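**Q** Got a structure for you, written out below as structure tokens; questions coming shortly.
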Amino acid sequence: MSKSKILFTFLTLCYQLQSQAIATSFDRNFIEGLAKRSVEDSFTHVSDRKVSVTAAKLDPRIVIKPCDQNLQANIPDIHNSRNVNVKITCEGSSPWNLYVPVKVTIDAPVVVAKYAIDRGSMLTPDNIQIAYIDEKRLRGEAIGDVNSLYGAKAKRNIVKGKAISPNHVCSVCKGDNVTLIARSSTFSIKTSGTSVSNGHVGDKVRVKNNRSGKLVTGRVSGVNKVTINL
């Protein structure tokens, strides 16, 4: 064997030994934790929700090779936000990759009934509260601001623990005496009225002006308050 071949073989062996010496071994717990943290970091913008992230246990038959570089965690651009396959990659001299399934649960703050509420009952701090419920279990539009419901009435019976939606309540109910506010950019006038329809905050309702007897249409702006923007 020529001296040049011997030198090349020696240098190659030294490089291989050096690579093996600096390569790091990773156990399953580390890789599962890396996948979990990468998904958690992608939800840091969700400030009003409770996010729970759980990484699946890797198959014990999977052989995890050492890597001479830091592992990379990549989340696909298009994915189901509740089930994410995180790609763990070694981009070292002996590259490899594997996928870790991660499950995400997002709980939203919504107003619920503390106990059964009868139709026609007024909503107060005694019978409603904020609770965190998995968004997948919510049906329709739930209400997240408990203060907006104080003084409103139940349009139907509401069972204990039920997430309250605009369909369950009326901030202005048919037959209620309301404050009717007509306003423009330069003035505001208040008078009394009687609602002829039901509505929650933001809904349009018909109101009879008690002074003139005319029917007008306004938007519910609070409990027993209807605003007409001129």
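**Q** For the Cα atoms of the chain, what angle does the longest principal axis make with the long axis of helix 28-41, in degrees from 0 to 90, nearest 10?
**A** 40
**Q** Once you put a point 7 Å from the Cα of residue 25 and another 7 Å from the Cα of residue 194, both along the Cβ direction, what distance in nm separates them?
**A** In this crude spin-label approximation the distance works out to 8.5 nm.
**Q** Eigenvalues of the Cα gyration tensor times 5, then square-rooted: what semi-axes does that give for region 108-170, in whole angstrom, largest first?
**A** They are 17, 11, 11 Å, listed largest first.
**Q** With everything on Cα atoms, drop me the angle between helix 3-22 and the longest principal axis of the chain, reported from 0 to 90° to the nearest 10.
**A** Taking Cα atoms only, the helix is inclined about 30 degrees.
**Q** Residue 145: accessible area at probe 1.4 Å, nearest 10 Å²?
**A** 80
**Q** Would you please give the FRET efficiency between residue 118 and residue 85, computed as 1/(1 + (r/R0)^6) with r the Cβ-Cβ distance and R0 = 41 Å, to the nearest 0.05?
**A** Taking R0 as 41 Å, the efficiency between residue 118 and residue 85 is 0.30.
**Q** Got a number for carbon plus sulfur as a percent of the chain's accessible area, 1.4 Å probe?
**A** 50
**Q** Check residue 162: other-chain or 5+ apart residues with amide H under 5 Å from its amide H, H built from backbone geometry?
**A** 113
**Q** Now for a separate question. Can you pull the one-decimal nm distance between simple spin-label points at residue 45 and residue 209, each 7 Å off the Cα toward Cβ?
**A** With each label placed 7 Å out from Cα toward Cβ, I get 4.7 nm.
**Q** Still on this model: If you roll a 1.4 Å probe over the heavy atoms of the protein chains, what accessible area per residue do you get for the chain, in Å²?
**A** 63
**Q** Between residue 70 and residue 145, how high is the FRET efficiency from 1/(1 + (r/R0)^6) when r is the Cβ-Cβ distance and R₀ = 41 Å? Nearest 0.05.
**A** Calculated value: 0.40.
**Q** To the nearest 10 square angstrom, how much accessible area does residue 168 have with a 1.4 angstrom probe?
**A** 20
**Q** Please work out the ratio of the alpha-carbon Rg of the chain to 2.2 N^0.38 Å and round it to two decimals.
**A** So the chain has a normalised radius of gyration of 1.80.
**Q** Continuing with the same structure: Rounded to a whole number of µm²/s, how large is the Stokes-Einstein D of region 28-106 at 25 °C and 0.890 mPa s, given Rh as the Kirkwood radius over C-alpha pairs?
**A** My calculation gives 185 µm²/s for D.
**Q** How much of residue 115 can a 1.4 Å solvent probe reach, expressed as accessible area in Å² and rounded to 10?
**A** 110
**Q** How many nm separate the modelled label positions at residue 136 and residue 56, each set 7 Å beyond the Cα in the direction of the Cβ?
**A** 1.3
The values are calculated or read from the model by the stated rules, or taken from the named source; none is laboratory data. Just so you know, these numbers come straight off a predicted model, no measurement behind them. All Cβ positions, even for glycine, are placed from backbone atoms using ideal geometry, and neighbour counts span all protein chains on display. With ligands, DNA and RNA removed, areas are computed over all heavy atoms of the protein, side chains included. Shrake-Rupley method; radii C 1.70, N 1.55, O 1.52, S 1.80 Å.
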